[in-house]
Amino acid sequence: MIDYAVMFGFFAVSVALVLNLWRLLSGPSLMDRVLAIDTMVINSIALIILFGIQQRTTVFFESALLFAMFGFISTVAYCRFVLRGDVIE
């Protein structure tokens, strides 16, 4: 039963990634594009977690945690660059 749930999760997150890609390409403003990239990072983390569940190993959970930290820092840095013009004050 868990295999069907994981396959449905792969399908749902993949559809979400495609819709985020559409928002990234057609976003009317720069902040819409930043939000689409941040959401794509979250969906990529979900794909990594789902793959870890499918493979029944914990290595992918650690990589998802590292990817989440990198995604958060890059989103904050890019937003500061857009709003202030520089990252480091």
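We did not get these values from a lab; they are worked out from the coordinates using the rules stated. If you're wondering where the values come from, they're calculated on a predicted model, not measured in any experiment. Note that each Cβ is placed from the backbone with ideal geometry, even for glycine, and that neighbours are counted across all protein chains shown.
Does G71 satisfy the condition of being of a type outside the set (D, E), more than 22 Å from F11 (Cα to Cα) and surrounded by 15 or more Cβ atoms within 10 Å (Cβ to Cβ)?
Details: of a type outside the set (D, E): yes; more than 22 Å from F11 (Cα to Cα): yes; surrounded by 15 or more Cβ atoms within 10 Å (Cβ to Cβ): yes.
Judged against the criteria, G71 is a match.
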### Summary
Of (1) farther than 30 Å from L83 by Cβ; (2) out of contact with any Phe, Trp or Tyr (no Cβ under 7 Å at 6 or more places or on another chain); (3) in contact (Cβ under 8 Å) with a residue 24 or more places away in the chain, D38 satisfies every one except (1)
#### Entry: Test result for A12, surrounded by fewer than 16 Cβ atoms within 10 Å (Cβ to Cβ), among the hydrophobic types (A, V, I, L, M, F, W, C), under 15 Å from the mean Cα position of the chain (by Cα) and at negative phi
yes
### Message
Given the condition in contact (Cβ under 8 Å) with a residue 24 or more places away in the chain, surrounded by 15 or more Cβ atoms within 10 Å (Cβ to Cβ), within 17 Å of the chain's Cα centre (by Cα) and in a helix (DSSP H, G or I), answer yes or no: does some residue in region 52-66 qualify?
### Response
no
### Odd one out for L21 among (1) outside any helix (DSSP H, G or I); (2) within 13 Å of the chain's Cα centre (by Cα)
(1)
### Query
Looking at this structure, is M31 touching a Cys at 6+ places or on another chain (Cβ under 9 Å) and either surrounded by 16 or more Cβ atoms within 10 Å (Cβ to Cβ) or not aromatic (F, W, Y) (or both)?
yes
